[in-house]
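First comes the structure, then the notes that go with it.
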Amino acid sequence: MANTSDYEEESEISESEIEESVEKFYSQLQSNQYKVKRSGKTFRCPFCPGKKKQSYEYKEIVQHATGIGSSSSSRHKPKSKAEHQALSKYLKNDLADPASLLQVAIIRPSPQRNDEEKYVWPWMGILVNMPVWFQDGRFAGDNRDELILKLSEFNPSDVHPLGDHKGHTGKCIVEFGTDWIGFRNAMSFVKHFQSRGVGRRDWGKNKQTSEEMHGWVATELDFNSGGIIGGFLKQHGVLKSVNDVMLEESKRIGSRVTDMTMQIEAKNKDLHEMQYKCHAKAFSLERIMEDNERIVQSFNEDRRRLEEDVIRHQRHVLEQNEKMRKELEYNRRQLEASDKQINMESSQYEINKQELQNQRQKNAEIEQKKADEEVLKLIEQQKREKEENLKRIVQLQKELDAKQQVELEIEKLKGQIEVMHHMGGGKDDSTVKEKIEKLKEELKDKMEEMEVSEDLYRGLVAKERIANDEVQEARKELIQGLENMLGGRSSIRLKRMGELDSKVFKEIAQARNGNDLEATLAWSKWQKEVQDSNWHPFKIVGQKGREEEVIKEDDEKLVQVRNEYGEEVYEAVKTALLELNEYNASGRYPVTEIWKIKENRKATLKEVIQYIFRQWKLQKVKRNNL
């Protein structure tokens, strides 16, 4: 809990943060971090530790907190206003009771005062003939903070020194607030000056000769006077009699009393409901206690029966244990006899086990031999299929040549027939017609021959496609099987055709003092570019029938990669483009291929099978050595 000795000032806040800070300080007050209430009915302000007055009555502490919290003066910083607004809220919401609120509100003036006399409201006092001095070409006097300190015994809410073009006029207005506490402070202010003979009347008599400061409460006379004092009072106040203020206060208090009465009635209603619920709960509790008593009786009866059952069960267990002991003794003797039999059978088992191992070794050798034969058969089958494919290709080429020859002969016959037609119409017209008919017969025969050749060619092409599909399917199966078999030193490896070499990018990044992240980003960027189907940096060269696609070295992106990364990265991008164009031009994504590392070419099926066969033999030798 904070007290005067350990109070520490926190950082200042702005005007816009006052509302948020009020809630923070209010929560701290509610959690008793600051001590507000002293013994009895006295209170203290935890936010004014340096002030002389440390003990307040409830109405005084409320007046103090409200005055500073609602002050528009720049003397009170935003943090101080927030603290006192929170204190005012805490006093009214957490420490107040209806009697205290009425006590704060109903502070009436002395009955000897003329209630019809009108005062300036908010209550104000006037000070005249204040000490002034001439400084820097103007009159000067005590400033606002100095006057508040001097008048602190009257608890002014604010002080306004009055000045004109010459400076300080020696006059000031003292504000005491709008409530009855302020009125009482204003009356104390008046009595103080009257008791010393420096009140209003004394000033009227001695203002030409007196050097003392005079003071009095502002009334209708001052309000209607001219000059700087009357102007200030009209601008900042209004005229009200004590009865007027009391009437307004009574109306406000009546409204609050009405509200409190309604709240009390509501609380009484809630109290009646709680009492009804309490009676209902008591009745329910009585029934529960009766039920509980019945449950306890039932529990005791059940426990008695359970104990009897336990005794019977224990007796039964003892009988069973004796029976089982006899059975165990009989079984022990049986086990001893069985153990002797097992020892005899164990010897026979070792003999059978050795024979079984010998048989398994023989079977393994037989299986190994069969596997060797299967591999050899596979190699022979691949060899035969390759020879058959070569024969089909040669036959296909022959058929294609024959077809082309027939097509040439057909075109030649068509030309001869056309010439014969143009030569007709003379003496030898009948001879020409005979030749034409003969040529037509030859053309018909050639056409039929060509149709037969085309049917044969189509059949061979279909067989070739099927054979090629089978070969590609076999390559795919080999690739899947070789993924876990091939090592880093193998002469045959799997290569991703169309995939950039990442090592080249890492070497370039290291040479430029870059990091692996930069190299990875550059590799990823150009891999996407290579796989982009919209980028086709190729041109066709060669004569008709021998055309081929080559890289366009002046392509804009290729020029960019060469300028940005150098020749090695350029060659890597170029190689990836050529590989994709050859192996997967339609899909434009990398594909896996079996590759001969030393020759830098695709491995044939024969080479792959030979490699597998060699690896299998090595494994066989290792197993035999073990």
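Distance between the C-alpha centres of region 586-609 and region 21-90: 89 Å, rounded to the whole angstrom. Computed over region 485-626, the alpha-carbon pair-distance distribution with 10 angstrom bins reads 10, 30, 30, 18, 9, 3, 0, each value a whole percent. The packing ranking, built from the mean of other Cβ atoms within 10 Å per residue, places the peptides 276-283, 166-173 in the order 166-173, 276-283, highest first. Protection proxy ranking for 227-237, 546-556, 512-522, using the average of other Cβ atoms within 10 Å per residue and placing the highest first: 227-237, 512-522, 546-556.
Among residues other than ALA511 with Cβ under 14 Å from its Cβ, the summed charge is -3 (Lys and Arg +1, Asp and Glu -1).
Taking a quarter of the surface of the Cα convex hull of region 233-317, what do you get in nm²? Reported value for the Cα convex hull: 13.4 nm². Each Cα pair under 8 Å and six or more residues apart adds its sequence gap; the mean of these over the residue count of region 547-626 is a relative contact order of 12 percent. For region 108-261, the extents of the C-alpha atoms along the principal axes are 63, 29, 29 Å, listed from largest to smallest.
When each of the peptides 351-361, 498-508, 585-595 is scored by the mean number of other C-beta atoms lying within 10 Å of its residues, the order from highest to lowest reads 498-508, 585-595, 351-361. Mean projected area of the Cα convex hull of region 277-329, taken over all directions, amounts to 5.0 nm². Among the listed pairs LYS525/LYS574; LYS37/LYS89; LYS412/LYS435; LYS596/LYS622; LYS377/LYS617; LYS24/LYS81, which have their C-alpha atoms separated by more than 18 angstrom in this model? Beyond 18 Å between Cα atoms: LYS596/LYS622. Of interest is the spacing of the C-alpha centroids, which for region 336-370 and region 168-188 amounts to 121 Å.
Computed from the coordinates by the stated procedures, all read-outs in this text should not be read as laboratory data. Quick caveat, the model's predicted, so the values are computed rather than measured. Counting neighbours? That spans all protein chains shown, and the Cβs are built from the backbone with ideal geometry, glycine included.
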